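Working notes for the structure below.
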Amino acid sequence: MTRIRLASVVVLATVLVLGATAAARGADGSSSLSVTVDRSQIATKLGQKFVFRSTITNSGSTAVGGLIAHLNVLSFRGNVYVDPEDWSSNRVRYLAPIPAGGSTTITWHMEAVNAGSFAVYVTVLSHELAPTAGPTVTVAITQRRTLNSGGILPLALGIPALLGLITLGLRLRRAGYFARGRSRAADVG
Amino acid sequence: MTPARPRKGTSWAVVFGQELRDLWMGGRGLVLSFAFSCLLSVIAFLVATNKALNFLEQREAVNLTLQVAIAVGTLLALLAAADAVSGERERGTLESLLLTPVSRFEITVGKLLATLSLWFAAFIITVPYAWFLGRGISIVGETILIGLVVGTVLAIFVASLGILISVFAASNRVSLSLGLFALLALYTPTQLPSSAQKGWAGELLLRVNPLTAGEHYVGKVIASSHSWSEDLAWLISPFVAAVVFAAAASILGARFIRLRGGVAG
């Protein structure tokens, strides 16, 4: 009799857990979460900072907690190395529970590190829920030379040369070089 | 004919003028400034030409150069300050200085102001580099102004620290070694991994340390385009340190400058 009661409790608990998960996932097994972004295209220059926002909506009938949003960056071309850490220093966000029918918006601050065409997207997941990816934001970054390196050489050589000459002149003056020169000139005169 | 006795309250200006002459006409200031300009030239040349660095945003290039200028400029002020009293003592000129009708407080103030001239020279040398690297994006004026304000505050703090060490050091070598060690120790938190700098303890360390707090503030305004008021709290420790250490150097200098170094005697 006790075994039957214990089995009933286990079955009931399993049903409740599965039910809650199913409610979050939706009746057909898909997640009740959706991710949208405020823009699909971004065009910028190398080295510039840019921002976009993603909104995570819970269309299920129960609140969902323990969600983690993750920002990803990849290049559409294979020959460009992408280190997402360089693009954004805060790529993982731990979200507060989203009530049934509620939503939360995240602002992502990024920096254009490489030139080319890149895909940026946000994924939301939790321990219980499979990852849900948002639409891709296509980022087109144009190359630019940030500095005109040619002009630095006169400056980089000129300032130390000027200070060096002043220092040398002062040392020679202290050593009496100029005074000796004048006295020699006076002798000749 | 005896030289005119300086008016009461202006004796520090006489000491200041004499120290300036010793520093600049003696050639030490010019040699240090020459070395500083060589370093800044290398940094600016690498920032502008190195392909690995050329992807840097222009603001970051200006920020890097300004931060190096502030760090090394304050180091120059420290070198001069650490020599101010212990150097005179070792060269045997402190006795004649103490016999002049100038109070020890005014001697300390005059010496402190003279050591700051090295920072101002370093700052003037930095201006053309900042202009070259920052032209075209309208940050040259902002860079010069923030460099002047934050750099001067940090230079006052570091030079006062150097004077304090110099007053109590038993020898000039000890004074210079302790000063350099203190400056390196103050810059150590910048070498912490970024994860350690982001925790509450790491951030507290960066905020309390005047040098790291000042450099952080400069970085936020120049590289991250923050407004001057946005991170103003980061300037609390540099300003407090400058006021406290300048007061301590003046007061303790007036009390403890003597012919033999050390606390006792």
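Apply the Kirkwood formula to chain B: the hydrodynamic radius equals the inverse of the mean of 1/r over all pairs of different alpha-carbon atoms; give it in Å with one decimal. It is 19.4 Å. Each Cα pair under 8 Å and six or more residues apart adds its separation to the average, and for chain B the resulting relative contact order is 27 percent.
In units of the rule-of-thumb radius 2.2 N^0.38 Å, the range B:123-265 shows an alpha carbon radius of gyration of 1.22. For chain B, the longest principal axis of the alpha carbon atoms and the long axis of helix B:58-84 meet at an angle near 10°.
With a 10 Å cut-off between alpha carbons and a GNM built on chain B, which of B:Ala48, B:Ala13, B:Ala201 moves the most? Among B:Ala48, B:Ala13, B:Ala201, the largest GNM mean-square fluctuation belongs to B:Ala201.
Quick check: from the Cα gyration tensor, does the range B:31-175 come out rounded (a/c under 1.5), prolate or oblate? Prolate, since a/c reaches 1.5 and a/b exceeds b/c.
Rounded to whole Å, the principal axis extents of the Cα atoms in the range A:93-163 read 71, 27, 20, largest first.
So what's the angle, to the nearest 10 degrees on a 0 to 90 scale, between helix B:11-20 and the longest Cα principal axis of chain B? For helix B:11-20, the angle is close to 60 degrees.
Between the Cα long axis of helix B:104-134 and the first principal axis of chain B there is an angle of about 20°, rounded to the nearest 10. For the range A:31-142, the alpha-carbon coordinates run over 45, 23, 20 Å along the three principal axes, in decreasing order.
Read the figures in this text as sums done on the coordinates, not as results from a lab. For clarity, every value in this text was computed on a predicted model and none was experimentally measured.
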